[in-house]
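A.B. asks: I have a structure I would like to understand better, so I am pasting it below and will then ask my questions one at a time.
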Amino acid sequence: MVMTRVQNHMKLAVYTRKSDQDYTDSLSNSVHLACTDDHNEFQALNRNYGILFASATVDENNVIHEKGLKNPYLFRTADGSFGIVAVRVDALGNDDEDSRGHILLWTSPDLVTFHNQGLVQLHQELYVKEAICHLNSTGEEYEIRWRDNEGNYYLNRLSDLMKPERISPPEPAEAFAVERPDETLPGINPGNVISVDSRTGRSVQASWTPLHNTEICVPESVSVTSAEDLKAVKATAVYSDGSTADKQVAWDAQGIDFTAPGTYTVPGKVVTHEFPFPLASGYADPVILLWHSKYYFLATNDNANDIGIYVREADTLNGLFAPGYQEAVILDLNEEHNFFQTFWAPEFHVIGEDLYILFAVGGREWGPQCHLMKLNKGGGIMNAADWDMPVRVKRADGAYLAEDGITLDMTYYKADGTSCVVWSYRKGIGTPLDTGSMLYIATVHEDNPAVLTSEPVLLSRPLFGWENAQGTINNEGPYPLITEDRVYIAYSGGAATGYTYALGLLSIPRGSDYLDNNAWSKVSTPVMSYYSIEGIYGAGHNSFFRDYDGNVLMLYHGEEQLVKHGTRCSAMHRVHFNRQGVPVLDVAKERDVHPDYADCSMQVIVHAETDKINK
């Protein structure tokens, strides 16, 4: 009899990574997670990309100062959840004057969602080199033990992690040792390791392992009366978290006589929604519109030095990118109206009963600003003469959206009767007083969306290291995705023309006050990065649309090479929704439909139409 050993516990480890030419300090100085597998060997989670990033500080001039972290330490809390402490450092990993005497503290119920408890002050003057945290022997108090840069050890006591301001003064303490992993991953700076039960460990592992297709299910048999009935039969794709997605199948109906009763074994192949990359070379910030039974493609045209708005029209999605595609310039350089450069990020939006294009454009002097233009009633999208002259977006008081900076990447959504616009604003670009690009939100009225009906509200700014990678201090490219229970805003951070460009995600419950920035949640790590899909680097500035078959798809641009400045190319794949209904943006290629499961078959019972009527 062969006995199988059941692993009843697992180990979790935290660490930072050593930076290299491709994984910068902004990325490496963050909390990473690993767990043991069935062979008790550590495997990196989240593809070995950072999970938790220190927040930058903002000075009195509204300038962001990037921060990182070192020596993360993972511990269990009194209620069985988790805590993480770490030492905050500057952007390059050195001692940070702003953090002198402090450590960072997060709490987490599941190591998936994190609550930032902010800085905890351990000392007035000394720098903290490393810190650990444990419950004391009675389980009533946390002991934070730490070491300074001179090798001295101290102890602070804290009864409630949610109230770090109540921490006790430091007192001298004995030296402590950190339990490190026995075998570490290559290229890391190891933190500590803890043991958890296998159920907890598997949950953490699954949450940070890329979602993937595990099987395809089709009915064993179906009864049909026509080819249309057969075409309507779908497959169910099952994924590693237990979520599912309906998939169309290309059924091979050859040899079936739908005019006479019979039984057939019919093969089929699951439609993958896998589109080649690149779809369109030199086209960035792409969007697709479904309008009057046709598809329209719109993007920033890098091939034309970002001058002009180019639109494609086709009867099918593939037709937009097939040789001989139809393309028209509906807005070109116009000296009379001071449209000279940066025709950036055009987006189609139906607002009220009208179709608009929201975009940024600049004059003879560089400085893009948000504009919109409306299609005349009954006009044709491909006909430039059918579009009204663009107007620049204004505030409620009649002043322009910005007089002292640049505005771009405006998007629109309507939820629960409220119409909102979201855009990116930046002041002082290229100067020591650069604020970085920030996302703002405001309400508008459908009858006149070029004028705000509320004051702009700051929604997000690039405080995480992944949003600052390669010195870009960037939050831009917002685009909404509305589900039954939440409004999601995907946005981009990192280098817009480089491989570190990545997608972040904001969300808020439906029915909330959309102008309450405290009601919005922001995911701590990118939901899609250059680690997500093989062969696509710098994935960012995305949009969403639903095709004529009801599939939610996303467009974005990426690059074919791991370089700092490459050619931006359009890409597209399906959006998956996990078991909690949250959109997962990186389920593509074989992880969406694995080639081993794409071929399927079922028994088809044909009933003639007259036979069906008689029954």
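A.B. asks: From the list Ala415, Ala495, exactly one residue is on the phi < 0 side of the Ramachandran plot and at pLDDT 95 or above. Which is it?
C.D. replies: Values: Ala495 fails: at pLDDT 95 or above.
After applying the criteria, what remains is Ala415.
A.B. asks: Could you check the stretch 111-128 and list, in sequence order, the residues that are part of a loop (DSSP other than H, G, I, E, B) and more than 20 Å from the chain's Cα centre (by Cα)?
C.D. replies: At the first step, the residues of the stretch 111-128 found to be part of a loop (DSSP other than H, G, I, E, B) are 111-114, 122-127.
Result: Leu122, His123, Gln124, Glu125, Leu126, Tyr127.
A.B. asks: Here is a follow-up. Can you tell me how many residues in the stretch 152-164 are in contact with a strand residue (DSSP E or B) (Cβ under 8 Å, 6 or more places away or on another chain) and either part of a helix (DSSP H, G or I) or closer than 26 Å to Leu12 by Cβ (or both)? Talk me through it step by step, then tell me what you get.
C.D. replies: Step one: filter the stretch 152-164 for residues in contact with a strand residue (DSSP E or B) (Cβ under 8 Å, 6 or more places away or on another chain), giving 152-159, 161-162, 164.
Those still in the list that are either part of a helix (DSSP H, G or I) or closer than 26 Å to Leu12 by Cβ (or both) too: 153, 155-159, 161-162, 164.
Here the count works out to 9.
A.B. asks: Anything in the stretch 398-425 that is among the small types (Gly, Ala, Ser) and under 22 Å from the mean Cα position of the chain (by Cα)? List them, or say none. Give the steps one after another, and end with the answer.
C.D. replies: Narrowing the stretch 398-425 to residues among the small types (Gly, Ala, Ser): 398-399, 402, 405, 415, 417, 419, 424.
Answer for the stretch 398-425, where residues must be among the small types (Gly, Ala, Ser) and under 22 Å from the mean Cα position of the chain (by Cα): Ala415, Ser424.
A.B. asks: Could I ask something else about it? Can you find, within the stretch 62-97, the residue that is surrounded by the fewest Cβ atoms within 10 Å (Cβ to Cβ) among those that are farther than 25 Å from Leu111 by Cα and polar (S, T, N, Q)? Even if it seems obvious, please write down each step before you answer.
C.D. replies: To start, the set of residues in the stretch 62-97 that are farther than 25 Å from Leu111 by Cα comprises 62-65, 92, 94-97.
Then keep just the ones that are polar (S, T, N, Q); that gives 62, 94.
Working: Asn62: 14, Asn94: 11.
Within the stretch 62-97, the match that is surrounded by the fewest Cβ atoms within 10 Å (Cβ to Cβ) is Asn94.
A.B. asks: Take Gly201 and decide whether it is loosely packed, with under 13 Cβ neighbours inside 10 Å, assigned by TED's automatic domain parsing to the domain that holds Val128 and of a type outside the set (Ser, Thr, Tyr). Before you say what the answer is, go through the steps one by one.
C.D. replies: Details: loosely packed, with under 13 Cβ neighbours inside 10 Å: no; assigned by TED's automatic domain parsing to the domain that holds Val128: yes; of a type outside the set (Ser, Thr, Tyr): yes.
No: the conditions fail for Gly201.
A.B. asks: Just the residues that are crowded, with 21+ Cβ neighbours inside 10 Å and of a type in the set (A, V, I, L, M, F, W, C), please, taken from the stretch 482-495.
C.D. replies: The answer is Val487, Ile489, Ala490, Ala495.
A.B. asks: Quick check on my filter: what residues within the stretch 426-474 are of a type in the set (S, T, N, Q) and over 23 Å from the mean Cα position of the chain (by Cα)? Show your work before the answer.
C.D. replies: We begin by selecting, within the stretch 426-474, every residue of a type in the set (S, T, N, Q); these are 431, 435, 437, 443, 448, 453-454, 460, 468, 470, 472, 474.
Selection gives Thr431, Thr443, Asn448, Thr453, Ser454.
A.B. asks: Go through the stretch 94-110 and give me each residue that's more than 26 Å from the chain's Cα centre (by Cα) and not β-branched (Val, Ile, Thr).
C.D. replies: Of the stretch 94-110, the ones more than 26 Å from the chain's Cα centre (by Cα) are 94-103.
Across the stretch 94-110, the qualifying residues are Asn94, Asp95, Asp96, Glu97, Asp98, Ser99, Arg100, Gly101, His102.
A.B. asks: Can I ask one more? Looking at Leu515, Leu553, which one is in contact (Cβ under 8 Å) with a residue 24 or more places away in the chain, of a type in the set (A, V, I, L, M), in contact with a strand residue (DSSP E or B) (Cβ under 7 Å, 6 or more places away or on another chain) and not in a strand (DSSP E or B)?
C.D. replies: On the way: Leu553 fails: not in a strand (DSSP E or B).
After ruling out the rest, the residue left standing is Leu515.
A.B. asks: Can you pull out every residue in the stretch 593-613 that is in a loop (DSSP other than H, G, I, E, B), at pLDDT 95 or above and surrounded by fewer than 19 Cβ atoms within 10 Å (Cβ to Cβ)?
C.D. replies: Of the residues in the stretch 593-613, the ones in a loop (DSSP other than H, G, I, E, B) are 593-594, 607-608.
Now restrict to residues that are at pLDDT 95 or above: 593-594.
Within the stretch 593-613, just His594 meets the criteria.
A.B. asks: Would you list the strands (runs of 3 or more DSSP E) that sit entirely within the stretch 204-272 and hold 1 or more residues that are within 33 Å of the chain's Cα centre (by Cα) and under 30 Å from Asn46 (Cα atoms)? Give the derivation first.
C.D. replies: Working: elements: 213-217, 221-224, 235-239, 244-247, 249-251, 262-270.
Fully inside the stretch 204-272 and qualifying: 213-217, 235-239, 244-247, 262-270.
A.B. asks: If we scan the stretch 73-85, do we find a residue that is in a loop (DSSP other than H, G, I, E, B) and over 25 Å from Met162 (Cα atoms)? Working first, answer last.
C.D. replies: Residues of the stretch 73-85 in a loop (DSSP other than H, G, I, E, B): 77-81.
Add one more test, that the residue is over 25 Å from Met162 (Cα atoms), and what stays is none.
Checked against the condition, which is being in a loop (DSSP other than H, G, I, E, B) and over 25 Å from Met162 (Cα atoms), the stretch 73-85 yields no hits at all.
A.B. asks: Determine whether Tyr413 is aromatic (Phe, Trp, Tyr), over 22 Å from Asp354 (Cα atoms) and not in a loop (DSSP other than H, G, I, E, B).
C.D. replies: Working: aromatic (Phe, Trp, Tyr): yes; over 22 Å from Asp354 (Cα atoms): no; not in a loop (DSSP other than H, G, I, E, B): yes.
Answer is no for this residue.
A.B. asks: For the stretch 359-375, which positions are without any contact (Cβ under 8 Å) to a residue 60 or more places away in the chain and among the aliphatic types (A, V, I, L, M)?
C.D. replies: Ala360, Val361, Met373, Leu375
A.B. asks: I would also like to ask the following. Can we say Ala490 is part of a strand (DSSP E or B), under 19 Å from Pro346 (Cα atoms) and either small (Gly, Ala, Ser) or touching a helix residue (DSSP H, G or I) at 6+ places or on another chain (Cβ under 9 Å) (or both)?
C.D. replies: Yes.
The values are calculated or read from the model by the stated rules, or taken from the named source; none is laboratory data. Given the structure is predicted, the values throughout are model-derived calculations rather than measurements. FYI the Cβ positions are ideal-geometry reconstructions off the backbone, even for glycines, and counts take in every protein chain you see.
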